[in-house]
Amino acid sequence: MRIKDILTEMLGAGASDVHITSGNPPMFRIHGALRTFEDAFSVIEADQVLDLADEFFGFNIAEGDGPVSFFSNAMHEERRFRGAFFVSDRAASLVISALPERIPEFSKLGPPPEMMRLLDLDEGLVVIAGGHGSGKTTTLLAIADDINMRHAMSICVLDGGDIPELIPAKSAVHMIPYDPIIGSAEAYRYALQADADVVVGGIEDEYDLEGALLCANAGCLVIVNYHAGDVAEALEALAELAEGFPRGPMMLADLLQVCVSQELRAENGSGLRAVYEVLWNDADVAGLIMGEETAEIVPELLKRKGNLSRTP
């Protein structure tokens with residue numbers, strides 16, 4: 001079994017990720033769900049996982065004693081992938097994600113009118129939420145590139161190694177690298193030093209959120225992705241993260257502009273389409289963030305004029 005065969009099968013199946021663990025056949029994440037292709041691949045043993053990792057990264061990373069964790073990007077057949085490798089005396093595993101080939105036009109993603117309004121924003125925090133394989137990073141980059149094509153701004157893209165290059169058009173584009181293991185908190189501060197108008201990044205913990213809010217508080221438009229199933233889950237989790245630093249909930253309630261969630265759904269005979277929830281901030285959303293309400297109010301808020309609920 002070769003890594004190129006697995007990656008070829010992965011791309012052919014439309015998978016966003018492949019999970020290779022000892023004692024199991026490879027599992028592919030398709031439309032957010034993990035699936036096993038037992039007809040194509042058999043169970044993989046620990047030594048085979050090590051061989052596949054060596055082939056993917058291009059050198060032997062399993063030498064030495066003790067547990068090993070390794071993260072890096074690699075090119076295969078002119079396509080970029082990100083790999084995460086873990087090995088101990090008990091098991092070995094390799095997770096590979098297919099990185100975006102190109103940044104699509106935002107309008108071609110089929111965003112609803114209420115979502116198009118965010119292109120007119122010039123400050124505050126915009127959150128794009130979604131699960132694994134939902135396309136939230138693609139949407140994030142498409143929004144940034146739309147701004148890049150139409151406005152002369154300073155755009156700082158925080159790059160943990162999984163972002164395709166944003167080619168400058170009317171804007172000045174700065175790709176700010178950071179270690180995804182350490183997090184992007186410091187990268188947000190670097191963006192402020194780069195005289196950013198727009199900051200594009202992600203949030204994984206309270207330190208990232210604090211960095212994003214500091215940029216938004218300085219007058220930047222900050223567009224981030226966040227792993228959450230829907231708007232209610234995203235708002236509840238972000239409000240909890242905000243409690244981890246001074247004035248966090250107040251800053252989040254004041255600076256959040258809109259929270260969007262998306263998922264990809266299969267349609268009969270017409271492939272996939274993105275389905276969105278769009279919730280603009282108002283007094284009720286701020287109340288949820290400040291702990292005056294619970295996330296149970298979100299479905300009702302999504303039905304109000306000015307918001308869009310998830311369509312069947």
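Structural remarks
- Helix axis angle, 136-150 relative to the chain longest principal axis, alpha carbon, degrees: 60 degrees
- Folded to 0 to 90 degrees: helix 46-57 orientation relative to the chain principal axis, Cα: 60 degrees
- The percentage of C-alpha pairs in segment 102-179 whose separation is greater than 16 Å is 53%.
- Cβ-based charge dipole, the chain, positive-most Cα from P67, G110, L255: G110
- Among N148, N225, N24: highest mean-square fluctuation, GNM of the chain, C-alpha pairs under 10 Å: N24
- Net dipole in debye of the chain [+1 Lys, Arg Cβ; -1 Asp, Glu Cβ; about Cα centre; nearest 20]: 980 debye
- Peptide packing for 69-81, 207-219 was compared via the average number of neighbouring C-beta atoms within 10 Å per residue; ordered from the highest value, the list is 207-219, 69-81.
- Shape category assigned to segment 97-236 from the gyration tensor of Cα positions, a/c cut at 1.5: rounded
- For the peptides 139-145, 283-289, the ranking by mean Cβ contacts within 10 Å, running from highest to lowest, is 139-145, 283-289.
- Cysteines having no other Cys beta carbon under 4.7 Å from their own, within the chain: C156, C259
- R189 versus F71: modelled label distance in nm, points set 7 Å from Cα along the beta carbon direction: 1.9 nm
- Gyration tensor verdict on segment 169-294 (Cα atoms; rounded if a/c is under 1.5, prolate if a/b is larger than b/c, oblate otherwise): oblate
- The long axis of helix 206-217 is offset from the longest Cα principal axis of the chain by roughly 40 degrees.
- Anchor K303: aspartates and glutamates whose Cα lies under 12 Å away (excluding residues fewer than 8 positions away in-chain): E277
- The charge dipole of segment 7-80, taken about its Cα centre with unit charges on the Cβ of Lys, Arg, Asp and Glu (plus for the first two, minus for the last two), comes to roughly 440 debye.
The numbers here are math on the coordinates, done by the rules we state, and not lab data. What you see is a predicted model, and the numbers here were worked out from it, not measured in a lab. With ideal geometry, Cβ positions are generated from the backbone for all residues, glycine too; neighbour counts draw on all protein chains shown.
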